[in-house]
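Report on one structure; see the data block that follows.
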Amino acid sequence: MNKKEQIPDLFASSEHDELTSLRKELAEQNYKYYVLSAPTMSDREFDEKMHRLQDLEAAHPEWYDPNSPTQKVGSDIGKQDGFPRIRHRYPMLSLANTYSREEVEDWARKLPDEVEIVAELKYDGLSISLWYENGILTHAVTRGDGTEGDDVLPNIRTIRSIPQRLHDAPERLELRGEVLLPWERFEALNKEREQQEEPLFANPRNAASGTLKLQDAQEVARRGLTCYLYYMLGENLPGTTHYERLEQARSWGFPVSDAIKVCHSVDEVMAFIAYWDTERKNLPVATDGIVLKVNDLARQDELGYTAKSPRWAIAYKFAAERQLTTLKQITYQVGRTGVITPVANLEPIQLSGTVVQRATLHNEDFIRQLGIAEGDKVYVEKGGEIIPKIVGKEESNQPEAISSQSFAFPTTCPECGTPLVRVEGEAAWRCPNEVSCPPQLKGKLEHFVSRKAMNIEGLGSETIALLYDKGLLHSIADIYSLRAEDIAAQERLGEKSAQNILASVEQSKQVPWSRVLFALGIRMVGETTAKKIAKRFTSVDSLQWATKEELTSVEDVGEQIADNIIAYFADIRNLETVTRLQAAGIQMAAQVQDTADVPQVLAGKTIVISGTFTRHSRDEYKQMIEDHGGKNSGSVSKNTDFILAGDNMGPSKLEKARSLGVQLMNEDEFLALINA
Ligand code: IVH
């Protein structure tokens, strides 16, 4: 081989090394960022390295790898491999279950006479396995396929009742239980999702499952999961019965339910079932049955396991309550984003203690699958779901004329008459008249004034509806033409509220361009995306003329969002609104801020933000740190100069800071420092 040929080879091999190490480093950072929520690299450094990797890959297509961090976007990092997979030490089995009390009796009678049976509630959530090593919670593994599950420890750490550290516990210990979202939390979450027109969770179990999968532990904490533990595993554990183990777990501080009874006869077991069949409705969490377990651990061993479940336990499941009623009429609701939802109006019936007269029919396909039409006799069920659902129709005894009646989904919007459209791949029909279809316009107004958008106080949904009905609000721009006397003349409002509303309207003229862009309510342009777009397109004038290519070059902006932005500015009514907002003095461009003027008091300092703040948001503090020359970091190390500490700072960060002697600074001290 001559010298000439060797040179490119050498380059290639050093480039290949660089590429390999960049891929590794960026994949690690993705994991820290998305899974641990604790990045150790600044966004800027991450972006620079990502660009370098992209360049290297472009120059060497032969080194293409579908698993390279360049081939993945943030959200699918979470979905595909966000949590580490872990092999269970002991397989996570299920329970044999039955809906028949006779079968429960048979199972119990087959056991030797004197055997004690522990009766417990069957919690309807997700099973979790908590691993403790030397008293420290090290893993929290979901059931997965029973052999391997996901380690969702950061999310489980948000459950306050689960101890993170044990005293005087065996070296290795595993506790199993159920993670749940209490009814109250579930309902609040769904209410929030309804307002934002996000799909609702059908039941607390789905909500808990969706929550455990989140890559954002702060959001998980906000949702408020809870947990009950019902099974302990390990070596050299104390106690000879299941009940003693549960008591032991309770004394170590684990959340163990009080609804547990050691039964000495089949009658006692059946009485427990009968009692909880009704009483469970008063519990704060969902249950779907009763679990019966042989108390004596030696007996459990004797009875052993089948391939799928232990022979020493059985689950009795409560049947969902079901009733037959008449589907009187199907009506159609138009949501804030124009989605048309069919609603079943039923002959009222009593179901699990409440009167049911309406049920959602979701969409056209759902109705067609059930094969129902107005006048049919339908079955309504309320099981683990809080929302009653129609599960089928009564096929027999249907008068010929009625059951053959066909069903037709409307072709025009019931609110504004605009022909409906169905986006390919979506189940929903939608009214495309975003600008003047009444519920959509009211939705746009509500969004515009909301706290994270223009933050205008005093204009709640009822006031908006009132001002809309009176002809005073027909576009978001009308907000800036409201007159005190018009507001004050309305019932329930008066002069004081008129003054307050107008003061807040005036204040909203200070809201920065990125939030104004979010407030416009362009479909799919959320808070974070708006920020990214506003950074690149620093005024509405530049955004208005942006091409699809320019738009999609912004991080997080895909083809669909780009199309929505282009469609927004192609509508003359939106252009008119934008012009009026501009004329009213709304910030439709970024304020020119010369960072050279900002004192670089944090130059060379690495700062970690932790906890919650009252004066500014976390993102604002992050920006302030960067603007003043500092560097943000996600985790505490010996290189950390100080921690900007809010309320409820994570215990592990606090401990680390203490052990490394890193200074904590509260937000007032921090603001004083940068303003000095
Ligand atoms: S004991 C080997 N006890 O039901 C026995 N399970 O269908 C382990 N569950 O996967 C399970 N409440 O998620 C047990 N008190 C309870 C339970 C319970 C709910 C769930 C658990 C399990 C499923 C079995």
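The values are calculated or read from the model by the stated rules, or taken from the named source; none is laboratory data. Model, not experiment: these values are computed from the prediction. Cβ: placed from backbone, ideal geometry, glycine included. Neighbour counts: every protein chain shown. We work out accessible area using only protein heavy atoms, side chains counted, and drop any ligands, DNA or RNA first. Shrake-Rupley method; radii C 1.70, N 1.55, O 1.52, S 1.80 Å.
Numerical summary
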quantity	calculated
Cys residues of the chain counted as unpaired, since no other Cys beta-carbon is under 4.7 Å	CYS227, CYS263
Region 384-512 - Rg (one decimal) and Dmax (whole number), Cα, Å	21.4, 66
Cα Rg over Rh - region 510-596, Kirkwood	0.95
Environment charge of ILE476, counting only residues whose C-beta is closer than 13 Å and scoring Lys/Arg +1, Asp/Glu -1	0
Percent accessible area from carbon and sulfur atoms, the chain, protein chains only, probe 1.4 Å	49 percent
Length-normalised contact order of region 426-575 in % [C-alpha pairs under 8 Å, at least 6 apart]	19 percent
Net charge, GLN440 excluded, C-beta distance under 9 Å - Lys, Arg +1, Asp, Glu -1	+1
log₁₀ of I(q)/I(0) at q = 0.23, 0.27, 0.29, 0.31 Å⁻¹ - region 182-223, Debye sum with one point per alpha carbon	-0.76, -1.03, -1.14, -1.23
Longest to shortest principal axis, alpha-carbon extents of region 233-356, angstrom	62, 37, 31
Pair-distance profile P(r), taking every C-alpha pair of the chain, with 20 angstrom steps and integer %	14, 38, 36, 11, 0
Anisotropy class of region 135-291 from Cα gyration tensor, a/c 1.5 cut	oblate
Region 559-672, accessible area per residue, ligands and nucleic acids excluded (1.4 Å, Å²)	56 Å²
Scattering profile of region 96-187 at q = 0.12, 0.19, 0.22 Å⁻¹ [log10 I(q)/I(0), Debye over alpha-carbon scatterers]	-0.57, -0.99, -1.09
Segment LEU297-GLN490, extension gain: residue separation times 0.36 nm, minus the distance between their alpha carbons	62.2 nm
Where labels lie 7 Å past Cα in the beta-carbon direction, separation of ASP47 and LEU660 in nm	2.5 nm
Sum of side-chain charges, PHE642 neighbourhood, beta-carbon under 15 Å (Lys, Arg +1; Asp, Glu -1)	+3
Calculated log₁₀ intensity ratio I(q)/I(0) where the Debye formula runs over C-alpha points of region 599-657, q = 0.22 Å⁻¹	-0.85
Span from the region 120-196 Cα centroid across to the region 610-676 one, whole angstrom	29 Å
Paired Rg and Dmax values of region 450-606, which use every Cα atom, in angstrom	18.1, 59
Additional length obtainable on full extension of the chain from ASP106 to ALA567, 0.36 nm per residue less Cα span	159.3 nm
For region 620-676: relative contact order, % (alpha-carbon pairs under 8 angstrom, 6 or more apart)	34 percent
Region 526-676: translational diffusion in µm²/s, Stokes-Einstein, Kirkwood Rh over Cα pairs, 4 °C, 1.567 mPa s	71 µm²/s
SER161/GLU374 FRET efficiency (R0 56 Å; Cβ-Cβ; nearest 0.05)	0.70
Difference of contour (0.36 nm per residue) and Cα-Cα distance, VAL592 to SER309	95.2 nm
Residue-normalised accessible area of region 138-201, expressed per residue, 1.4 Å probe, Å²	52 Å²
In nm, spacing of pseudo-spin labels at VAL355 and GLU235 (7 Å Cα→C-beta vector)	6.4 nm
R0 of 45 Å, Cβ-Cβ distance TYR275-ASP469: FRET efficiency to nearest 0.05	0.30
Inter-centroid distance (Cα atoms) of region 284-331 relative to region 483-511, Å	57 Å
Label-point gap, in nm, between TRP183 and ALA59 - each point 7 angstrom along Cα→Cβ	6.5 nm
Where Rh is the Kirkwood radius over Cα pairs, Rg/Rh for region 476-560	1.15
Cα-derived Rg to Rh of region 91-133, Kirkwood definition	1.06
Mean separation of Cα contacts under 8 Å (6+ apart) over length of the chain, as relative contact order %	9 percent
Descending Cα extents along the principal axes, region 142-195, whole Å	48, 29, 17
